[in-house]
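A short worksheet on the structure shown next.
The values are calculated or read from the model by the stated rules, or taken from the named source; none is laboratory data. Since the structure is predicted, the reported quantities are computational estimates derived from the model, not experimental observations. Here the Cβ positions follow ideal geometry from the backbone for every residue, glycine too, while neighbour counts run over all protein chains shown.
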Amino acid sequence: MTRANSRALAEAFADGPAFVPYLVAGDPDCESSKAYVEALVRGGADVVELGLPFSEPIAEGPTIQSAIARALESGMTPERFFEFVADLDVDVPLVCMTYYNLVYQYGREETGEPGPEPFVRRAAEVGIEGFVVPDLPAEEAGPLRDACDEYGLDLVFVVAPTTRGERLERIMEQVSGYVYVQARLGTTGARSDVSRATDESLDRLREYDVPKAVGFGISTGDHAERIVAGGADGVIVGSALIDVVADGVENDDPTAEVAARLEEKARELKAGTRRGATASGARSERT
Amino acid sequence: MSTETDGKFGEYGGQYVPEALMPAIEELEDAYERYVLENEDGFMDEFRRRLREFGGRPTSLQRVDRLSERYDREVYLKREDLVHGGAHKLNNALGQVLLAKYMGKERIIAETGAGQHGTATAMACAHLDLDCEVYMGHHDINRQRPNVFRMRINGAEVNPVTVGRGTLKEAISETLRDWATNVEDTHYVIGSVVGPHPFPAMVRDFQSVISEEAREQIRERAGRLPDSVLACAGGGSNTMGAFAEFTDDRDVSLVAVEAGGSSLDVDEDRGVAPNSASLSTGTEGVLHGARTRVLQDTDGQIMESHSVSAGLDYAGVGPELAHLVDAGRVTAVNVDDDDALEAFHRLSQTEGIIPALESAHALGYLEAVAGPDADEGDELGDLVVVNLSGRGDKDLETVIEETHERGIANAPDMDVFTGGLQ
């Protein structure tokens with residue numbers, strides 16, 4: 001049995017496949033961003049991944065890079081991020097996705113030297129349930145893993161199409177909450193098809209008893225259906241939602257209108273995961 | 001003095017990269033150990049042969065008479081500007097492109113700041129018949145156009161990076177993204193002693209030919225080791241190359257000269273550090289795959305750096321160099337834009353050598369502590385080696401413009417040729 005520190009997160013994956021949307025907190029400003037997150041939850045989100053923007057987002061494609069730039073421009077900082085989370089009126093678990101330097105530096109003025117503990121402590125205080133840190137491989141994750149265990153938070157790791165053998169073992173020893181299955185090589189970004197690498201990755205992970213959420217390139221309800229039918233316990237969607245936010249920024253649309261579009265897109269994706277679950281359930285009954 | 005264990009230099013170094021890249025980095029570690037450290041299949045022999053035949057090594061160690069007189073001591077230049085391509089960058093690029101070939105990779109990608117590393121990589125790829133794509137910030141493309149032309153002429157694709165300020169930091173991020181996408185058939189030739197392990201150690205090893213030659217040459221010429229070795233430091237590849245073989249010689253002081261830019265103060269609100277002095281003013285952080293000294297705000301956001309020299313304009317520095325500074329083995333100092341420009345003109349006029357703006361920083365430090373306006377009693381000693389990391393042809397447009405704007409006193413009057421530039 002793999003670790004599960006957060007009960008809320010475990011429960012979110014327990015009742016069937018989870019729809020996990022991602023947005024960058026503060027994109028394009030705190031007030032709209034709050035409305036957008038709440039709209040996604042109304043649309044059926046089971047978990048929300050919230051990006052804390054970092055100036056060098058090396059794992060992101062152009063869509064999320066732009067969202068991060070907008071959020072930084074609007075003045076988002078780690079402390080404002082925690083306040084933003086504390087203010088959110090949602091009843092689903094929240095996972096913070098960010099890069100290690102921000103986790104490492106937080107609270108440094110207080111403690112005198114960098115380290116992940118103050119960040120995790122503060123995150124626990126505002127009700128965050130877990131972290132995804134894409135530039136922190138299992139080899140370097142010890143201190144953050146310890147802090148997460150101390151405060152009862154989960155640490156999600158990415159498994160890439162290139163992750164095999166011993167590496168996979170090492171990651172699975174450390175992962176908790178869910179594993180982020182990277183659907184294809186490259187950076188984040190909406191695509192028009194589902195990659196075969198996804199099925200292969202899910203196959204490699206089948207024996208591990210931890211929820212498997214697939215992300216990178218998922219943009220429609222049909223993608224979500226296929227991926228869940230293929231054995232995933234959840235789908236993570238970021239860029240396709242951020243495209244909606246970006247359109248709203250470009251056309252200067254009112255926040256309420258953009259929120260309504262996000263809610264509708266969330267319903268489409270959630271319905272896709274449900275259809276996929278039916279297909280997957282039917283198949284397991286046959287076998 | 002080997003400072004490295006397990007890819008760490010003290011607290012610095014490590015491998016902070018997306019999971020998708022980790023298998024490629026493990027593969028590279030294995031290739032580095034076999035081919036570079038153990039000379040499997042005669043890799044190092046072939047590398048050394050190509051450095052001689054294609055690269056023009058060894059480079060000379062030249063006593064510069066006017067500067068020796070001006071500073072009242074023996075001053076020698078290690079002439080890396082004479083390496084094929086005009087800078088030390090080929091030492092590393094040729095090593096890595098050859099290594100990629102031994103590893104069976106089909107495609108090479110690289111980032112470049114001043115364009116020297118991109119040019120060296122493009123040349124090495126043409127020489128060894130591999131496809132090459134170079135990422136370069138749009139700001140750097142504008143200030144280093146001759147190198148953009150050279151890369152294209154050697155057959156490389158040059159991809160402009162338009163995010164952020166468009167300098168080296170953004171170019172490295174974008175190259176990492178390409179690598180994460182095409183990791184199976186592509187090798188990323190990183191241009192400095194930065195990035196995840198094994199890059200900092202491997203790039204140092206390819207560059208250490210500089211100090212290997214210089215150490216032997218100075219003993220031949222002067223009959224002893226130098227009192228000090230000076231090298232400019234951005235990411236730190238020429239620095240580590242010039243220092244590597246001297247680190248065990250405890251009596252040789254090693255001085256890393258950073259770009260002081262226009263000021264050492266930072267503007268937290270705008271996220272701008274008007275310098276590239278991460279050793280002098282940076283704090284410990286994680287950037288581009290390694291823990292090292294970086295220019296960052298209190299939240300940990302990376303600052304925009306600045307230097308008149310594109311090759312030094314970077315918010316981080318190699319982890320081993322950061323460690324050597326913390327350990328007290330290397331002294332970090334800095335020279336600002338104006339003093340670097342003045343040193344550029346001085347060397348050009350008095351010795352007939354046009355230095356790269358990067359290298360001019362190292363010369364600027366000599367002037368600052370030993371020039372006619374300096375206080376008595378510097379600590380550089382009687383026998384000084386300065387690593388002249390590259391030649392300045394690529395910088396002429398920048399120098400003419402900046403010299404005019406800043407009113408650099410020792411610059412020749414160029415107005416008649418430039419139409420005043422106003």
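It is to be established whether one or more residues within region A:26-46 are at pLDDT 95 or above, within 18 Å of A:Val133 (Cβ to Cβ), not aromatic (Phe, Trp, Tyr) and not in a strand (DSSP E or B).
Going through region A:26-46, the residues at pLDDT 95 or above turn out to be A:26-46.
Checking the rest, the ones that are also within 18 Å of A:Val133 (Cβ to Cβ) come to none.
No, region A:26-46 has no match at all.
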Seminar exercise, completed: Filtering region A:111-127 down to residues that are more than 10 Å from chain B (Cβ to nearest Cβ) and surrounded by 24 or more Cβ atoms within 10 Å (Cβ to Cβ) yields A:Pro116, A:Val120, A:Ala123
For this session: For A:Ala246, indicate whether it is of a type in the set (A, V, I, L, M), touching a helix residue (DSSP H, G or I) at 6+ places or on another chain (Cβ under 8 Å) and at pLDDT below 95.
Result: no
For this session: Hey, can you tell me all the residues within region B:133-172 that are within 12 Å of chain A (Cβ to nearest Cβ), in contact (Cβ under 8 Å) with a residue 60 or more places away in the chain and in a loop (DSSP other than H, G, I, E, B)?
Result: B:Gly164, B:Arg165
Exercise. Considering only region B:25-35, how many residues are over 12 Å from B:Phe199 (Cα atoms) and surrounded by 18 or more Cβ atoms within 10 Å (Cβ to Cβ)?
Worked result: 1
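If you scan region A:69-110, which residues turn out to be closer than 18 Å to A:Gly186 by Cα and within 12 Å of chain B (Cβ to nearest Cβ)? Step through it out loud before you land on a result.
Our first condition is that a residue be closer than 18 Å to A:Gly186 by Cα; within region A:69-110, this holds for A:97-99.
Hits for region A:69-110 are A:Thr98, A:Tyr99.
Being touching an Asp or Glu at 6+ places or on another chain (Cβ under 8 Å) and surrounded by fewer than 18 Cβ atoms within 10 Å (Cβ to Cβ) is the requirement here; does B:Tyr16 meet it?
Values: touching an Asp or Glu at 6+ places or on another chain (Cβ under 8 Å): yes; surrounded by fewer than 18 Cβ atoms within 10 Å (Cβ to Cβ): no.
Taking the combined requirement at face value, the residue does not satisfy it.
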Exercise. Within region B:175-264, which strands (runs of 3 or more DSSP E) (wholly inside it) include 1 or more residues that are in contact (Cβ under 8 Å) with a residue 24 or more places away in the chain, closer than 22 Å to B:Tyr35 by Cα and not small (Gly, Ala, Ser)?
Worked result: B:186-188
Problem set entry | Answer residue from region B:173-194, given it is within 14 Å of the chain's Cα centre (by Cα) and under 16 Å from B:Val294 (Cβ atoms) and is farthest from the other protein chains (Cβ to nearest Cβ) among those | B:Val193
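Suppose the filter is over 18 Å from B:Asp337 (Cβ atoms) and either touching a Leu at 6+ places or on another chain (Cβ under 8 Å) or of a type outside the set (S, T, N, Q) (or both); does B:Leu380 pass it? Give the derivation first.
Numbers: over 18 Å from B:Asp337 (Cβ atoms): yes; either touching a Leu at 6+ places or on another chain (Cβ under 8 Å) or of a type outside the set (S, T, N, Q) (or both): yes.
Taking the combined requirement at face value, the residue satisfies it.
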For this session: Return yes or no: is A:Arg164 in contact with a Lys or Arg (Cβ under 8 Å, 6 or more places away or on another chain) and within 10 Å of chain B (Cβ to nearest Cβ)?
Result: yes
For this session: Considering only region B:1-120, give the helices (runs of 4 or more DSSP H) lying wholly within it that have at least 3 residues that are within 14 Å of chain A (Cβ to nearest Cβ).
Result: B:22-31
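Which ranges mark the helices (runs of 4 or more DSSP H) fully within region B:277-379 that have 1 or more residues being on the phi > 0 side of the Ramachandran plot and aromatic (Phe, Trp, Tyr)? Quick ask: steps written out before the conclusion?
Numbers: elements: B:278-281, B:319-326, B:337-351, B:357-370.
Answer list for region B:277-379: none.
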Problem set entry | Filter result (under 25 Å from A:Ile227 (Cβ atoms) and of a type in the set (A, V, I, L, M)) within region A:15-37 | A:Ala18, A:Val20, A:Leu23, A:Val24, A:Val37
For this session: Considering each of B:Gly95, B:Gly10, B:Gly115 in turn, give the residue that is within 28 Å of B:Ile172 (Cα to Cα) and in contact with a His (Cβ under 8 Å, 6 or more places away or on another chain).
Result: B:Gly10
Exercise. Name the residues in region B:165-223 that are of a type in the set (S, T, N, Q) and either in contact with a Lys or Arg (Cβ under 7 Å, 6 or more places away or on another chain) or at pLDDT 95 or above (or both), would you?
Worked result: B:Thr175, B:Asn182, B:Thr186, B:Ser192, B:Gln207, B:Ser208, B:Ser211, B:Gln217
Seminar exercise, completed: When every residue in region B:267-306 that is away from every other protein chain (no Cβ under 14 Å) and touching a residue at least 12 places away in the same chain (Cβ under 8 Å) is compared, the one surrounded by the most Cβ atoms within 10 Å (Cβ to Cβ) is B:Ser276
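Quick check on region A:36-50: of everything there that is in contact with a Gly (Cβ under 8 Å, 6 or more places away or on another chain) and of a type in the set (D, E, K, R), which residue is farthest from the other protein chains (Cβ to nearest Cβ)? Break it down into steps so the answer makes sense when it comes.
Applying the first criterion (in contact with a Gly (Cβ under 8 Å, 6 or more places away or on another chain)) to region A:36-50 yields A:46-47, A:49.
Those left that are additionally of a type in the set (D, E, K, R): A:46, A:49.
Working: A:Asp46: 24, A:Glu49: 16 Å.
Top of the filtered list is A:Asp46.
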Problem set entry | Residue list for region A:168-190, filter: over 17 Å from A:Gly230 (Cα atoms), out of contact with any strand residue (DSSP E or B) (no Cβ under 9 Å at 6 or more places or on another chain) and within 12 Å of another protein chain (Cβ to nearest Cβ) | A:Arg170, A:Leu185, A:Gly186, A:Thr187, A:Gly189
Seminar exercise, completed: Selection over region B:380-419 where residues are under 20 Å from B:Leu77 (Cβ atoms) and either assigned to a loop (DSSP other than H, G, I, E, B) or of a type in the set (Val, Ile, Thr) (or both) yields a count of 10
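Does A:Leu185 satisfy being touching a Ser or Thr at 6+ places or on another chain (Cβ under 6 Å) and either surrounded by fewer than 24 Cβ atoms within 10 Å (Cβ to Cβ) or within 17 Å of A:Ala12 (Cβ to Cβ) (or both)?
Yes, satisfied.
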Problem set entry | Given (1) within 19 Å of the chain's Cα centre (by Cα); (2) closer than 19 Å to B:Tyr16 by Cα; (3) buried (at least 23 other Cβ atoms within 10 Å of the Cβ), number of the condition A:Gly61 does not satisfy | (3)
Exercise. Only one of (1) within 14 Å of chain B (Cβ to nearest Cβ); (2) not in a loop (DSSP other than H, G, I, E, B) fails for A:Pro53. Which number is that?
Worked result: (2)
Problem set entry | Conditions (1) without any contact (Cβ under 8 Å) to a residue 12 or more places away in the chain; (2) touching a strand residue (DSSP E or B) at 6+ places or on another chain (Cβ under 9 Å); number of the one not met by B:Glu40 | (2)
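Can you pull out the residues in region A:128-138 that are of a type in the set (Gly, Ala, Ser) and within 12 Å of chain B (Cβ to nearest Cβ)?
Pass one, region A:128-138, residues of a type in the set (Gly, Ala, Ser): A:130, A:138.
If the condition is that a residue be of a type in the set (Gly, Ala, Ser) and within 12 Å of chain B (Cβ to nearest Cβ), then A:Ala138 is the only one that fits.
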For this session: Go through region A:206-233 and give me each residue that's within 26 Å of A:Ala4 (Cβ to Cβ), touching a residue at least 40 places away in the same chain (Cβ under 8 Å) and not hydrophobic (A, V, I, L, M, F, W, C).
Result: A:Tyr208, A:Asp209, A:Pro211, A:Gly215, A:Gly230, A:Gly231, A:Asp233
